Amino acid sequence: MLFVNPRSGKGGPSVEELVARARELGARTHVLRKGEALETLARAADTDVLAMAGGDGSLGVVAAVAIERALPFLCVPWGTRNHFAGDAGLDTDDPLGALEALRAGEERRIDVGRVGDRVFLNNVSLGVYARLVHRREKRRRRGELLARMRGKFGMLPS
C-alpha cells in the first residue's frame, strides 16, 4: 500500500505518474486529502508492505505504524529535502526508481529513535532550531504559492 502526500515534493514526476507506476508494480495507492489522518489510514490498511511517498514527517508517521505492525516499510523520496532517503542511500531525485523496491527490494533493518511516543527516523529537532525549520518551510510554501499565482494570473499579489 503506497500513501502519497501530494503537498510534499520538489518537482519531478507528477502525483499521477507516481501512482500509475506504483499500480503497474502491483501496489494499491491512496493520495492523501486535506484533513485525512495518515496514521489512522496506515493502521487500517490491509497490506503486507507500507510505503510512503512524502517528506520526512509523513515518512516517520508511516514508518512508526510499520514498526508497530511488524511490516516492511518502503521510503519513496518525495519531500523537499529527503534527509532520511538520502541517509538510507536512495537517489533522492528518483522517486519512481524507489518504487522498484516493490518488485525486487532488498530489506534492510535500521535504527529508529523515539521522543515520547513519536518515532523519528534520522533526526529530531527541539527548541529554537525546530522553530526556525518550521518558519523556513512556511516561507518556502508561501514563495511557491506566489510563484504559482504569478504563473496563473500573470501578476504579483500586493
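What follows draws every value from the coordinates through simple rules; no lab data is involved. This structure is a prediction, so every number in the text was calculated from the model and none was measured. Because the Cβ atoms are built from the backbone with ideal geometry, glycine has one as well, and the counts that use them run over all protein chains shown.
Details
- Listed peptides 72-81, 22-31 by packing density, highest first (mean Cβ within 10 Å): 72-81, 22-31
- Backbone phi angles across the range 71-80, fed through the Karplus curve with coefficients 6.51, -1.76 and 1.60 (θ = phi - 60°), yield HN-Hα couplings of 10, x, 10, 10, 8, 10, x, 9, x, 6 Hz in residue order; Gly and Pro are listed as x.
- Put simply, the amide H of Leu74, placed in the peptide plane, has neighbours under 5 Å in Leu50, Ala51, Met52, leaving out anything fewer than 5 places away on its chain.
- In this structure, Arg118 and Glu17 have a Cβ-Cβ separation that, at R0 = 22 Å, corresponds to a calculated FRET efficiency of about 0.10.
- Over the chain, relative contact order from alpha-carbon pairs under 8 Å, at least 6 apart, %: 20
- Volume in Å³ per residue [convex hull over Cα atoms, computed for the chain]: 129
- Residues whose amide H falls under 5 Å from that of Val31, counting only those 5 or more places apart or on a different chain, are Val4, with hydrogens built in the peptide plane.
- Listed values for the range 55-70 are Karplus-derived 3J(HN,Hα) couplings in whole Hz (6.51 cos²θ - 1.76 cosθ + 1.60, θ = phi - 60°), namely x, 4, x, 5, 4, x, 4, 6, 4, 4, 5, 4, 4, 4, 8, 6, and x replaces Gly and Pro.
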